[in-house]
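Worksheet: the structure to be examined is printed underneath.
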Amino acid sequence: MASADQNPKAALDWAKQHSFPWPTIMMKKIDKAGLTKYKSGFVPHYVLVDKDGKKLAQGKANCLRKAAELTSE
């Protein structure tokens with residue numbers, strides 16, 4: 001998850017509260033993480049990518065469904 005939150009602790013707390021099974025990346029590190037092409041002007045914007053940067057799902061429901069599918073395997 002790339003977070004647009006300016007406060008890293010708040011972003012991590014929010015992700016933990018929602019039990020997201022993926023890492024949280026702060027927006028200022030999105031380029032270094034190789035996720036620049038997935039940036040959006042809309043918040044929230046959900047895109048699930050694999051370790052190689054391939055898009056697996058887009059949209060909150062689709063991303064959560066795909067993440068659940070992948071973590072149950």
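Values in this text are rule-based calculations from the coordinates and carry no lab data. All of these numbers come straight from a predicted model, not from anything done at the bench. Please note: Cβ atoms are built from the backbone with ideal geometry, for glycine as well, and neighbour counts cover all protein chains shown.
Figures for the structure shown
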read-out	value
Residue order, fewest to most surrounding Cβ atoms within 10 angstrom, among HIS18, HIS45	HIS18, HIS45
At R0 = 25 Å, FRET efficiency that the Cβ-Cβ distance of LYS16 and LYS37 yields, to 0.05	0.40
Amide H contacts under 5 Å for TRP22, placed H, 5+ residues apart	none
Base-10 log of normalised Debye intensity for the chain (one unit scatterer per alpha-carbon) at q = 0.15, 0.17, 0.20, 0.24 Å⁻¹	-0.48, -0.63, -0.89, -1.28
Environment charge at ALA11 (Cβ cut-off 15 Å; Lys +1, Arg +1, Asp -1, Glu -1)	+2
Amide H contacts of ALA57 (H built 1.01 Å from N, under 5 Å, at least 5 apart or other chain)	LEU48
